[in-house]
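Report on the structure given below.
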Amino acid sequence: MSRELSKCHDVLYLGRGTSFPLAMEGALKLKEISYIHAEGYAAGELKHGPIALIDENMPVIVIAPHDRFFDKTVSNMQEVAARGGRIILITDEKGAAASKLDTMHTIVLPEVDEIIAPMIFSLPLQLLAYHTAVFMGTDVDQPRNLAKSVTVE
């Protein structure tokens, strides 16, 4: 999966509810260490811009635990699939069984309470960014143009 992503120029991340900040964080991590252009969007905003970018060359990473937003997120994934987008689905066991979509890859995580799901779902996003950067040969320990900063008020 990381090998395939390492060949891409752009990656889109989608999430709803608590998965939306995860989509933004996943995109940020990928940008920071692999230098691939990536954007995180609220899945509900898909029709307001990002959908125009989707084609067979655009991987779309969807963070979709089986929660109260799941059915709407599946609808968004159907829109992506209809345009040839390659979906990487990060979900839980219930979500994998319920999505019934043809995805490029599906990462299945254990079912956890909605409160702790962001902590669990952040792990594959970080690992995906890390392994993609390793395939690209970038220095994951010292990304270019990043510096630690401390703000003292």
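The residue pairs whose first member lies in the stretch 110-132 and is without any contact (Cβ under 8 Å) to a residue 60 or more places away in the chain, whose second member is outside any helix (DSSP H, G or I) and among the polar types (S, T, N, Q), and whose beta carbons are closer than 9 Å, counting only pairs six or more residues apart or on different chains, are 115/18. Consider the stretch 68-80 and keep the residues that are surrounded by fewer than 21 Cβ atoms within 10 Å (Cβ to Cβ) and out of contact with any Ser or Thr (no Cβ under 9 Å at 6 or more places or on another chain). The one that is farthest from residue 58 (Cα to Cα) is 68. Scanning the stretch 81-106 for residues that are within 25 Å of residue 53 (Cα to Cα) and in contact with a Phe, Trp or Tyr (Cβ under 9 Å, 6 or more places away or on another chain), we see that the one that is surrounded by the fewest Cβ atoms within 10 Å (Cβ to Cβ) is 99. When the stretch 6-27 is filtered for residues that are assigned to a helix (DSSP H, G or I), under 22 Å from residue 78 (Cβ atoms) and not small (Gly, Ala, Ser), the ones remaining, listed by number, are 20, 22. Screening residue 151 with (1) part of a helix (DSSP H, G or I); (2) among the β-branched types (Val, Ile, Thr); (3) without any contact (Cβ under 8 Å) to a residue 12 or more places away in the chain gives one miss only, at (1). Which one is nearest to residue 116 (Cα to Cα), of the residues in the stretch 88-103 that are in contact with a Ser or Thr (Cβ under 8 Å, 6 or more places away or on another chain) and at pLDDT below 95? In this case the residue turns out to be 96. Could you run through the stretch 1-18 and say how many residues are among the polar types (S, T, N, Q) and within 13 Å of residue 61 (Cα to Cα)? Adding up the residues that qualify gives 1. Scanning the stretch 28-43 for residues that are part of a strand (DSSP E or B), farther than 20 Å from residue 103 by Cα and of a type outside the set (Asp, Glu) turns up at least one hit. Might you let me know whether the stretch 38-55 holds any residue that is touching a residue at least 60 places away in the same chain (Cβ under 8 Å) and of a type in the set (Val, Ile, Thr)? No; the residues of the stretch 38-55 include none that is touching a residue at least 60 places away in the same chain (Cβ under 8 Å) and of a type in the set (Val, Ile, Thr). Here is a check on your reading of the model: is residue 48 surrounded by fewer than 17 Cβ atoms within 10 Å (Cβ to Cβ) and over 19 Å from residue 104 (Cβ atoms)? It is true that residue 48 is surrounded by fewer than 17 Cβ atoms within 10 Å (Cβ to Cβ) and over 19 Å from residue 104 (Cβ atoms).
The values are calculated or read from the model by the stated rules, or taken from the named source; none is laboratory data. Being a predicted model, the structure only gives us computed values, none of them experimental. Methodologically, a virtual Cβ is constructed for each residue, glycine included, from the backbone with ideal geometry; neighbour enumeration extends over all protein chains shown.
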